[in-house]
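Report on one structure; see the data block that follows.
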Amino acid sequence: MLPTKSNIPNTPVHATPPPLVEVSGTHREMGRQIGEACRKQVQHSIENARKLIDESYDQLELTWEGAQIQARKYLPFAEEQYLQYVNEMRGIAEGANASFDDVAALNVMEAVTTDALHLTRCTSLAVNDERTADGHILLAHNEDWIPEDEDDVYVISARPDEEPPFLAMTYGGLLPNVGFNAYGIAQLIDSVYPTDSRIGIPRLVVSRAVLGSRRISGAIARTLIPHRAAGYNHLLVHESGELYSIEVSARRFEILYGEEGYMVHTNHYLAPHMKELESEPEELISSRVRYFRALRLIRQSQTHSIKSLQAIQKDHVNMPNSICNHAVDWIDPLDREKTINAMVIDLTAREMHIAWGNPCQNSYHTYHLDA
């Protein structure tokens with residue numbers, strides 16, 4: 001049963017769909033177009049990040065200027081392997097009239113805060129053609145983050161000069177990475193918390209690179225690039241119905257395969273040798289609760305649809321730290337979070353259906369990646 005309006009805390013309702021930003025050209029040109037179109041969102045997300053760092057000084061002992069200095073240490077690794085995506089960040093800063101140091105700090109935030117800002121967030125799942133009523137391949141993702149950044153969500157339809165066109169969700173000044181491309185490769189990401197993090201290629205840059213892949217093997221390889229700073233779980237899906245979860249840390253990885261036609265992942269490692277690297281697993285109890293809940297719900301049907309996945313996204317078991325997250329009233333700024341958007345990707349139809357804000361109270365809007 002869904003909660004009533006009276007016991008859902010501070011949940012905004014969005015009457016309009018997230019903005020769609022269409023970009024093309026070189027990576028720097030695309031970044032500049034994003035920055036110009038979303039100047040307000042980029043600048044607002046920088047303000048939010050600065051405020052969050054300031055409010056968390058007692059725990060992090062980090063200032064915004066310190067975060068900028070730390071972020072610069074990661075850039076040479078990113079530029080050596082993926083200069084084009086650093087150029088996207090430069091373009092975003094130029095178009096938004098923002099400092100490149102600010103945009104870089106946003107995109108390396110997980111690393112410079114040693115993940116303190118990313119606890120127990122996001123739920124991802126996928127089903128292939130064997131598990132859907134119409135034979136389509138579907139993915140679903142709830143993006144959980146600080147409520148102040150909800151207003152900064154937008155969708156990018158991109159046509160890079162030398163890479164596949166793609167459709168992706170992002171917010172503020174972050175590089176896009178959750179979405180799919182014209183070669184039938186989709187990616188959902190979930191933060192995980194290894195203890196072997198190091199200075200290297202930032203996770204957001206690694207995951208941005210996946211959208212430039214033309215083959216599923218190439219997408220997997222990009223998640224495992226040498227000298228990476230740490231890792232996400234990358235839930236990768238191909239239009240053929242192949243499903244993978246790539247659990248990644250700085251030095252280890254595991255490739256999990258969707259043998260039963262479905263996959264679920266949240267914010268903790270599943271592979272035994274990856275669990276050995278998990279930082280403070282007791283802090284990830286709600287991640288495990290969401291994982292088992294989503295797993296049970298996805299196993300209940302042999303023939304899923306867009307509607308059935310959306311129903312899972314609206315689930316409130318273990319509220320407020322539920323799949324549809326409403327934990328906005330916590331006192332500690334590092335614990336405040338909510339579902340800022342929920343999406344279902346129909347990879348077969350090249351469509352993204354996205355609810356801006358909590359899916360229990362907001363309508364889904366459809367975006368297409370045109371051929």
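The values are calculated or read from the model by the stated rules, or taken from the named source; none is laboratory data. Computed from a prediction, not measured in an experiment: that's the story for all the values here. Every residue, glycine among them, receives a Cβ derived from its backbone with ideal geometry; neighbour counts consider all protein chains shown. Surface accessibility is based on the protein's heavy atoms, side chains included, excluding ligands, DNA and RNA. Shrake-Rupley method; radii C 1.70, N 1.55, O 1.52, S 1.80 Å.
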Inset, instruction - Using the structure shown, decide if Asp329 is at pLDDT below 95 and over 20 Å from the mean Cα position of the chain (by Cα). - result: yes
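Which is open to solvent by less than 70 Å² (accessible area, probe 1.4 Å), within 22 Å of Ser207 (Cα to Cα) and assigned to a helix (DSSP H, G or I), of Gly66, Gly91? Break it down into steps so the answer makes sense when it comes.
Working: Gly66 fails: within 22 Å of Ser207 (Cα to Cα).
It is Gly91.
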Legend entry - Among (1) open to solvent by 70 Å² or more (accessible area, probe 1.4 Å); (2) at pLDDT below 95; (3) in contact with a helix residue (DSSP H, G or I) (Cβ under 6 Å, 6 or more places away or on another chain), the one test that Glu61 misses: (3)
Legend entry - Gly173, sole failed condition from (1) within 19 Å of Gln84 (Cα to Cα); (2) free of Cβ contacts under 8 Å to residues at least 24 places away in the same chain: (2)
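Matching residues to (1) more than 21 Å from Gly261 (Cβ to Cβ); (2) at pLDDT 95 or above; (3) over 20 Å from the mean Cα position of the chain (by Cα):
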| residue | (1), (2), (3) |
| --- | --- |
| Leu284 | yes, no, no |
| Ala342 | yes, yes, no |
| Ala349 | no, yes, yes |
| Trp356 | yes, yes, no |
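Identify, from the list Thr348, Thr366, Thr303, the residue that is touching a Gly at 6+ places or on another chain (Cβ under 8 Å) and not aromatic (Phe, Trp, Tyr).
Among Thr348, Thr366, Thr303, only Thr348 is touching a Gly at 6+ places or on another chain (Cβ under 8 Å) and not aromatic (Phe, Trp, Tyr).
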Inset, instruction - Could you check, for the stretch 303-318, whether at least one of its residues is among the hydroxyl-bearing types (Ser, Thr, Tyr) and in a helix (DSSP H, G or I)? - result: yes
Inset, instruction - Note down all Cβ pairs under 7 Å where the first residue falls in the stretch 300-326 and is under 17 Å from Arg121 (Cβ atoms) and open to solvent by less than 60 Å² (accessible area, probe 1.4 Å), the second is at pLDDT below 95 and assigned to a helix (DSSP H, G or I), and they're at least six residues apart or on different chains. - result: Asn321/Ser286
Inset, instruction - Could you please give the count of residues in the stretch 149-176 that are within 15 Å of the chain's Cα centre (by Cα) and part of a helix (DSSP H, G or I)? - result: 3
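Residues checked against (1) in contact with a helix residue (DSSP H, G or I) (Cβ under 8 Å, 6 or more places away or on another chain); (2) open to solvent by 10 Å² or more (accessible area, probe 1.4 Å); (3) of a type in the set (A, V, I, L, M, F, W, C); (4) closer than 25 Å to Glu278 by Cβ:
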{"residue": "Tyr74", "(1), (2), (3), (4)": "yes, yes, no, yes"}
{"residue": "Phe77", "(1), (2), (3), (4)": "no, yes, yes, yes"}
{"residue": "Leu83", "(1), (2), (3), (4)": "no, yes, yes, no"}
{"residue": "Ala96", "(1), (2), (3), (4)": "yes, no, yes, no"}
{"residue": "Ala104", "(1), (2), (3), (4)": "yes, no, yes, no"}
{"residue": "Glu110", "(1), (2), (3), (4)": "yes, yes, no, yes"}
{"residue": "Ala140", "(1), (2), (3), (4)": "yes, no, yes, yes"}
{"residue": "Pro147", "(1), (2), (3), (4)": "no, yes, no, no"}
